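Take a look at the structure set out below.
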């Protein structure tokens, strides 16, 4: 049984500082059509593009990842003040743009509460209605240039590339010479919905799904429609995943933080939200879970539980994560007893066994 399930286990391959070209995949079939996604093996997901070589979430970083063999390109979706969805990881602009060099924006640095933490910086999205001037429109964001997040990465491309929109990200995948999937994250939806307002009372999630549908993304996992344009939707906010389940049947992945961290939308910690009861509930809406790598511990006799496992890591660590079938999903943090029953329950329910 283990061998029959192994093809469903995902490999999150984060391209690090010393990245090397991966095995390039063929682009076209014998009839000239684009080569399809290879579903018989673990997927190679390019986290924020080839961000060890090029500034993260930029067009060149995604093009390089596709060239190096990525099956999916991953991104984080936020919003500008004027409601345009953009690809950017942080709610602030300080760490990965040249905002500090733009004197015209010097008076826009503010302090807000994001996911229960006080954050000071230049914010990409809108806040309270009376503070619209403190935020950035798409035009203003496009005037910035992106830089590498960490000093140990190649700095030669700093200041050369723009922030891209969600639609621009999608066209990169659709224009690829072979079928390349997308793996967008609904980022900070509570914060965005509090401060960015769209017409007709629409939410961040509505605009997100509408954009996917505009470009033809639809279908459940491994359906014909999905294989034509593969996509996974991920989020740390389970209520967002539940909400969009009524709007699209695209597969969804529930991301799990450090178990001591409070969720942004349920007033519970991730330790509480990974209980048997909650996972039994959320399994109706997601096809898999994306646990933080530090919540994975070795287990040698539960291999039959694995289906969709998408581990992720702290991007500050220059390393690569390799899939090892001996490592299963468990939650273990700061003296807590590993919650094997909850996670194995989640996986077994996804398996429908």
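In µm²/s, what is D for segment 227-282 at 10 °C and 1.306 mPa s, where D = kT/(6 pi eta Rh) by Stokes-Einstein and Rh is the Kirkwood radius from Cα pairs?
Using the Kirkwood radius from Cα pairs, D works out to 131 µm²/s.
Please give the per residue volume of the convex hull enclosing the alpha carbon atoms of segment 194-274, rounded to a whole number of Å³.
Roughly 105 Å³ of hull volume per residue.
Only the coordinates and a few stated rules stand behind these numbers; no lab work does. From a predicted model like this one, the values you see are computed outputs, not experimental measurements.
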